[in-house]
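A.B. asks: I'd like to ask you about the structure that follows.
The values are calculated or read from the model by the stated rules, or taken from the named source; none is laboratory data. Just so it is clear, the model here is predicted, and its values are computed rather than measured. Please note: Cβ atoms are built from the backbone with ideal geometry, for glycine as well, and neighbour counts cover all protein chains shown. Heavy atoms of the whole protein, side chains included, go into the accessibility calculation; ligands, DNA and RNA do not. Shrake-Rupley method; radii C 1.70, N 1.55, O 1.52, S 1.80 Å.
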Amino acid sequence: MPVPQKIPIFTTIFNFILLAMLFVGLALRLCIRAVVGSKGSTRKRDNPSRKSEVSSNIATASEINDILAASGYRAREHVVTTRDGYLLVIHKIEKAHQEEPIRPRAVVYMHHGLLTNSELWVLGSSKEKSLPYLLVDAGYDVYLGNNRGNKYSRKHLKLPVSEPEFWDFSLDEFAYFDIPDTMDYIESLYKCKSRSVASGIGGMNSRSFLSIPESGTITPRSSTSTLSHYESPIDIIYIGFSQGCSQLLASLSIHPDLNTKIKLFIGLSPAIIPSNLNYPIFKLIVDQAAADNSFLYSIFGRRAIMPSVAFWSTMMGTRVYEKVVDKSLSLLFGWNGTNISQEQKRIGYPHMFSNSSVKSLLHWFQIIKAGRFQMFDETCSCGLTKLSALTSRSKAKGVRVTPFPITDHLNVPMYLFYGDSDILVDIEKTKSLIVDSNPMMKDKLKFELCKNYEHMDTLWGDDVYEDVFKKVLLELDSLDSAKIEI
């Protein structure tokens, strides 16, 4: 157990100043709210477009169960222990008043993007704009995953979160540990359920998972679209957003056996090899950070990035924070956000960001600069002389960064949705990466172009149900139909 460190006197003074600022800020906000409320109370009562109570509850929720409760759902928390000791929380989404397990059509696992967490999936301004709710209502078992280090996974068996060693991870670790270990957990969970049903223990309704004919003999269902015989490997449908897509591709490349566990991969805004950032100064930062790791570490340190986002979103208030986020996304990526309503921004922006490591952001800068889907580059001169590491060209002759080996064992049907106004998705490079060395993937890869869509629109766009979610549900229905025919 780590020895508690002595807190410096300057830290104590800073905390007192911060506390005073919080009280002053709260007092100012209450005064402004009182003045505005008294002047516009009559207008608000008569305004038919006033925000709904459900939307307000979601916007002010502190964690995922509060968000779900506002829409009539709940989450059951599961803890996945990775092979390197991180504890990851995954959320199983259910209807709030579901008393006993129903027979699922399939298991759907959903994974978020960079600097976000599982909340991202359930922030739609209506049920039609929250894909997990649609899937649960359609009879699927839905799990939302979390990466190490974010809001719901800040725990390790040995490392305290305050130590730099805890934050020493990037896309490499997400792909090598987090995704495959979570898939193994889900598979073992259903095997355990199957054994419990077969032995008549655990308080489960046997009809939930097995067919009981008139003779009274329990037999597995053989020709339905349900997950019935869990002793054999179960089929998992993986739905990823942004980095959640690249994590799966990387995992499939270094864990060939994972290809047999994923029945279908659906990717929303699949960020695999992004283009460089929009604004010139940010392009320079990306290039410099990719050339020398110490540059980004000197600015943000070696722990978490964006650790104070919750504080600023609270202190700024809803309207100011929306403007700051909109301006930031415009400068970084050139997005205008016209496909996302103000109501959706009001709900989604306060929950949009979560912690990750500085190293994970640096990894993406390296991928952008290199223009290839590669593992993390330590960019150090170990094994090289100072002269041979002086330029990138001479260094490249002595060191080759290992790519994620998307080779001929990749064998998972894929359905990718992307927007033509999204610089984080280069669909031609993505297609080339998947297909060029994998002839068997040519007939298993489908693309869906969403015109004028930006990165977040595949989650929150005004027409996301018709353009994306409805097509996802139809694709899953066709998968069920194929099972029945077999």
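A.B. asks: Within region 86-130, which residues are open to solvent by less than 10 Å² (accessible area, probe 1.4 Å) and polar (S, T, N, Q)?
C.D. replies: Once the filter is applied, which keeps residues that are open to solvent by less than 10 Å² (accessible area, probe 1.4 Å) and polar (S, T, N, Q), region 86-130 yields N117, S118, S130.
A.B. asks: Something else now. One residue is enough: does region 413-426 have a residue meeting the conditions within 21 Å of I262 (Cβ to Cβ), out of contact with any strand residue (DSSP E or B) (no Cβ under 6 Å at 6 or more places or on another chain) and at pLDDT below 95?
C.D. replies: No, every residue in region 413-426 fails to be within 21 Å of I262 (Cβ to Cβ), out of contact with any strand residue (DSSP E or B) (no Cβ under 6 Å at 6 or more places or on another chain) and at pLDDT below 95.
A.B. asks: Which helices (runs of 4 or more DSSP H) does region 409-486 wholly contain that include 1 or more residues that are free of Cβ contacts under 8 Å to residues at least 60 places away in the same chain, over 24 Å from P274 (Cα atoms) and out of contact with any Phe, Trp or Tyr (no Cβ under 8 Å at 6 or more places or on another chain)? Before the answer, list the steps.
C.D. replies: Working: elements: 427-435, 457-460, 470-485.
Correct list: 470-485.
A.B. asks: Here's something else I'd like to know. Out of contact with any strand residue (DSSP E or B) (no Cβ under 7 Å at 6 or more places or on another chain) and either in a loop (DSSP other than H, G, I, E, B) or over 21 Å from L479 (Cβ atoms) (or both): is that true of P270 in this structure?
C.D. replies: The answer is no for P270.
A.B. asks: Here is a further query. Of all residues in region 265-318, how many are open to solvent by 20 Å² or more (accessible area, probe 1.4 Å), among the hydrophobic types (A, V, I, L, M, F, W, C), touching a residue at least 60 places away in the same chain (Cβ under 8 Å) and more than 13 Å from L361 (Cα to Cα)?
C.D. replies: Summing the residues that are open to solvent by 20 Å² or more (accessible area, probe 1.4 Å), among the hydrophobic types (A, V, I, L, M, F, W, C), touching a residue at least 60 places away in the same chain (Cβ under 8 Å) and more than 13 Å from L361 (Cα to Cα) in region 265-318 gives 2.
A.B. asks: Can you report the number of residues in region 132-164 which are within 17 Å of L474 (Cα to Cα), of a type in the set (S, T, Y) and not in a loop (DSSP other than H, G, I, E, B)?
C.D. replies: 1
A.B. asks: So in region 319-344, with the set limited to residues that are in contact (Cβ under 8 Å) with a residue 40 or more places away in the chain, of a type outside the set (A, V, I, L, M, F, W, C) and touching a helix residue (DSSP H, G or I) at 6+ places or on another chain (Cβ under 6 Å), which one is surrounded by the fewest Cβ atoms within 10 Å (Cβ to Cβ)?
C.D. replies: It comes out as G337.
A.B. asks: If you go through region 343-360 one residue at a time, how many are in contact with a Leu (Cβ under 7 Å, 6 or more places away or on another chain) and not in a loop (DSSP other than H, G, I, E, B)?
C.D. replies: So the count comes out to 6.
A.B. asks: Answer with yes or no whether I262 is more than 17 Å from L115 (Cα to Cα), at pLDDT 95 or above and surrounded by 15 or more Cβ atoms within 10 Å (Cβ to Cβ).
C.D. replies: Numbers: more than 17 Å from L115 (Cα to Cα): yes; at pLDDT 95 or above: yes; surrounded by 15 or more Cβ atoms within 10 Å (Cβ to Cβ): yes.
Spelling it out, I262 is indeed more than 17 Å from L115 (Cα to Cα), at pLDDT 95 or above and surrounded by 15 or more Cβ atoms within 10 Å (Cβ to Cβ).
A.B. asks: Which residues, taken from region 247-274, are farther than 23 Å from D480 by Cα and in contact with a helix residue (DSSP H, G or I) (Cβ under 7 Å, 6 or more places away or on another chain)?
C.D. replies: Scanning region 247-274 gives Q247, A250, S251, L252, I254, H255, S269, P270, A271, I272, I273, P274.
A.B. asks: Here's something else I'd like to know. Of all residues in region 164-212, count the ones that are at pLDDT 95 or above, farther than 19 Å from D141 by Cβ and open to solvent by 60 Å² or more (accessible area, probe 1.4 Å).
C.D. replies: Adding up the residues that qualify gives 3.
A.B. asks: Okay, next question. Residues that are outside any strand (DSSP E or B), in contact with a Gly (Cβ under 7 Å, 6 or more places away or on another chain) and either within 24 Å of I236 (Cα to Cα) or polar (S, T, N, Q) (or both): does region 55-71 have at least one?
C.D. replies: No: region 55-71 contains no residue that is outside any strand (DSSP E or B), in contact with a Gly (Cβ under 7 Å, 6 or more places away or on another chain) and either within 24 Å of I236 (Cα to Cα) or polar (S, T, N, Q) (or both).
A.B. asks: Now for a different question. Evaluate the following for V136: is it in contact with a Lys or Arg (Cβ under 8 Å, 6 or more places away or on another chain), modelled with pLDDT of 95 or more and open to solvent by less than 40 Å² (accessible area, probe 1.4 Å)?
C.D. replies: Values: in contact with a Lys or Arg (Cβ under 8 Å, 6 or more places away or on another chain): yes; modelled with pLDDT of 95 or more: yes; open to solvent by less than 40 Å² (accessible area, probe 1.4 Å): yes.
Yes, satisfied.
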